[in-house]
Each structure stands twice: as C-alpha cells, then as structure tokens.
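Trainee: First the structure, then my questions, so here it is.
Any read-out appearing in this document is the output of simple, stated calculations on the displayed coordinates, not a laboratory observation. What you see is a predicted model, and the numbers here were worked out from it, not measured in a lab. Note that we place each Cβ from the backbone using ideal geometry, even for glycine, and neighbour counts take in every protein chain shown.
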Amino acid sequence: MPAPIKPSCWAPYHNAILSPHFFQSRKLVRRKEMATSVAGVSLSTPRVFARAAETPKVIKPAGLSFGYSAGRVGSGRMSMIRPVAAAPDKLSEKVQESIKEAEQACSEDPASGECVAAWDEVEELSAAASHKRDSEKNKDPLETYCSDNPETDECRTYDN
Amino acid sequence: MAICAVHTSTQFNPTCSSISTPSKSHLGFCQRQQVVFYTKRSSKRSTPCVGLIACAAGGQETVVIGLAADSGCGKSTFMRRLTSVFGGAAEPPKGGNPDSNTLISDTTTVICLDDYHSLDRTGRKEKGVTALDPRANDFDLMYEQVKAMKDGKAVDKPIYNHVSGLLDPPELIKPPKILVIEGLHPMYDQRVRDLLDFSIYLDISNEVKFAWKIQRDMAERGHSLESIKASIEARKPDFDAYIDPQKQYADAVIEVLPTELIPGDNEGKVLRVRLIMKEGVKFFNPVYLFDEGSTISWIPCGRKLTCSYPGIKFTYGPDTYYGHEVSVLEMDGQFDRLDELIYVESHLSNISTKFYGEVTQQMLKHSDFPGSNNGTGLFQTIVGLKIRDLYEQLIASKAKRPAEAKA
C-alpha cells in the first residue's frame, strides 16, 4: 500500500481546486509528486527531453528511459531504421527558406504553377511547424514514459 | 476473440516498395487476412519494414467517418475533441515512424489523407501542382485501402512525411472500430465518398482563415503579413476548384464566420459559427433549439443569465443547402463563464449526451484547445457526441440483423 499523502501536500493546490482543470489534473499531480521523489530527478526542463530525443546515447536520468531512443536501443537494427523526429528549429529554418524560394519563384511569373506550388509548400511547412510546436508543448517526459510503461512504480496512480 | 500470428515481413521485402503476403499461414483462428497493395512509388530510403499483423476486433465492420478541411483550419483540434468523446487519448502509433500522421486510441484510428499523395514535395514542384490538386493524390489507393479497412482488413498505408516532404516506408494500420479519414479530399472521389458512414466539412471563411493563419504563423521567422496573404491567395484557385465543392456532400458542415455582434469586426476573435445538419441521414438526428423545425432567435443573456460584451446570440431553423434540406444552428459570440455554457447546453435538444452536462464537461476538459469558449468548440463537441450516437446505433442495427435472420 502506498503511504497516504499528507494533507499538507495539498496546500499548494488549494487555488487549483477553483480551476476547471482541477478534476482532470488531480491524479496527474499526485503521480508526479511521487514519481519525482522516486526517481530523484527534476523533470521540469523540457530541454532534457529534447536532447534525449535527438541523440540516442544520452545519459538517461536514473530509472527513466525516454521515447524513441533509449527505450529501444536493445534492437540495434530497429533503432537504426527509425528516423528521428525533426527538431522544431530545423522546421523553422525550412519555413524561412521556403518563403524566400516562393518569393523568388513568383517574381518571375506570379501566375505560374511553380509560384503556386512554392506557396503551397510554405503552407505545408508552416502547418507542420505549428503541429510540432503543439506536440512539444504537450509533451511531458513523464507522460511519455508512462504511456509506454504504465506498470512501473513511477507511473502508478491511486484512487482514494 | 481472434488469435493472430505475428509476422515480421523484413525478409520478404528488402526495399518496402511493395509488401508481399507472408508465405506462412496464420497460426491461430484469424479469419481475416492481411491485405496487400502494391504501390507504384518507391521510397528514397531503402529500409526494411517490420509489420505486425492482427485481426479486426471481433470481425465487425469498421465505421468510417470523413473530415474535410483546408490546412490550418482546425482539423487536428476537431480530431482531439472527437477522440476524447469516444474516451481515451489518441496517440501516434507506438514505436513507429515519429513523423507518422496517424493517431490511434482504443476505439478510433485517425488517418491523414496526405499519406495518399502520389507526388512528393519535389514532384509537385517540378510539375507545378499543389497538394490540393487531385493530380497530386492517389485516389485509387485511397479507395482500395479505406475499403479494405471497412471490410476489416489491415493495410500497409504509406506515410507522407510533412517535414521532409518525402513518402516514408508504409505503416501497418489495423482496422479499428471507428476509422476517421481526415484531410483535403475525403469526399472528392465518389468511390471513397460512398464508403463514408458520416462526413463533416469545416468551412472557414476567408477573413477568419486569414486571422487564424496570422495567429499561427506570425511568430515564425521569415513570415510576414504579406507572406501569409500571398500563400492564401496563391492556393485559393485550387482550393475553390477542388476542396470547397466537397461541402455539398457533407452530412454536417461547421461554418466559421466573423461576428455580427460587433459591427465592422474583422479581428477573428469573436466568431459566428453555424452548424449545418443534413436532414434524413440515417442514425443522425439534427440538434434543435426549443422547438424542432421552427425558426428561433434566442439571446440567453438577460435576467437569468448575465453575459459580458458582446454577449451571445443563437439562431435555429430549417434551411436548404446545395439543394438539401438542412437544419441550421448558429451561435454568435463567446462564453466567458461556466454557467453560460451549462445554461446553453440545458436548452439544446437532441445533443446525444449520456448525462446532464456532458458537453460542458468535454469543453472544460479541453479548455486549452482553440475555440473552447465559442461555437467552434461547442459544435465540434456536439458533432463528436452525434458521431458516437451514430456509431452505437449502427453497431446495434448490425447486431440485430443476424439475430433476426436466425429467428
């Protein structure tokens, strides 16, 4: 049985009870508190995760493995073939480049298929960059880990 | 339950340009076979594919929903609301291509129709066609694979990589209970259209589209008002020719327009949203306000409910849309407080909720999504509930039929 959570733990969340997010986030908050104490690492910096996703051989925080890289190092070939998601920075560059190209393509003939296709590429890349930003924003490293490993201690949730 | 064999198909297809049927037969009691499609395209990466073969849940047919809209018009948000109504979060396939466009939850799989591009980014550039152009899309493959999934067969669906602009090696998609196909052309090809059990079109007016894209892109380096405008204008002829006409086939259209509550407002912050619902669609009973079939204008703000500026206004009534009889429910303005939303929900009928306040609960759950305080969020949530209802009725009617045949 888990140790009961002391009432004092809840003090910072008194204000949160008034928020509409409260009822959905309560379990999550409790789980995070316990997990942080178990793993003994801070999970608050998203940069840790971003780096972990880019380089497969990053030192992983105690007891945790993340996402596509560390969790699957075991099967060598599979990790080789799996392309790694592009960082948002790289997409930003691509958006910037594509706008320049479109402006160039249209300076010659604004009605050409080339010009239209170039602006369509701008739209596609801008949409992709926006989706990437959204998914990064919602990516909590613990959530990612727990969706892959729901049975581990860090990821257990308790009902009263 | 069906028990299925798991095969890795690596040894059969070193290049992934075509997937062959595993030569071993299934070990268990799997009535369904993996369906195989030969795609004409070849991928630049010659990587082996690993596939997992499984069966449709209990051998039942998959319900197929189509969602059409232009890029940047809220398809993703709608999908997140829809999958949430069905319960469980939809996530990209585990362990697959991180740039996969597919979302999977317990009941629902959402596939992006960009995966059926026949021309990759370079190909489109060379030919001078946009992704909106049917020539850039493989409708034969789209039809074959959606049909296969509707019949309960797994398919190897290509992946269009939005980052690289290339077609990546395919991913195996198992037939879900509910398959949502979202993208630019779900209702363009008649064969695909005929497979849809329900279809939705998100119709965003030019003013609002412009405002939304400014919100989305202005922070992006290199973008300016001019570039955003130029991109919309360049794509407009193809949009008008190939995307917009699909709305005539939709069972539900969500129209998003500038508000009429603030004269001359073009900011796109306050919105007027119309939910246009086709009459006579099987298992779909349009939502109504107070009295079904009457024409109603309703301002809920008054003595019982106080609203802040510019208030909220509802209209409801019968109409025709592309020659079809429809019911239209319109909301202008936005919700500022929780009690406004509950008040409105309690006055709407036929919203297919399972308990009092379900719409409000869903809206609150995702209050961080765009549109949660206006008609876009409200109507997307309601359409989600209507689809859940439609799915349940469809399944019930199918379960009944064989029973009747026996008796």
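Trainee: Tell me the net charge near B:GLY311. Cut-off is 12 Å between Cβ atoms, B:GLY311 excluded, with +1 for each Lys or Arg and -1 for each Asp or Glu.
Mentor: -3
Trainee: Which whole number gives the average, over all residues in B:161-167, of C-beta atoms from other chains lying within 10 Å of the residue C-beta?
Mentor: Averaged over the peptide's residues, the number is 5.
Trainee: Oh, and also: On average, how many beta carbons from a partner chain sit within 10 Å of the beta carbon of a residue in B:220-231?
Mentor: 6
Trainee: Could I ask something else about it? Could you rank the peptides B:296-309, B:108-121 by their average count of other C-beta atoms within 10 Å per residue, with the highest value first?
Mentor: B:108-121, B:296-309
Trainee: Given H placed on each backbone N at 1.01 Å, which residues far from B:GLN334 in sequence or on other chains put an amide H within less than 5 Å of it?
Mentor: Counting only residues 5 or more places away or on other chains, the set is B:GLY311.
Trainee: Please work out whether region A:88-135 counts as rounded, prolate or oblate from its C-alpha gyration tensor, where a ≥ b ≥ c are the square roots of the eigenvalues and a/c under 1.5 means rounded, while otherwise a/b larger than b/c means prolate and anything else oblate?
Mentor: Prolate, since a/c reaches 1.5 and a/b exceeds b/c.
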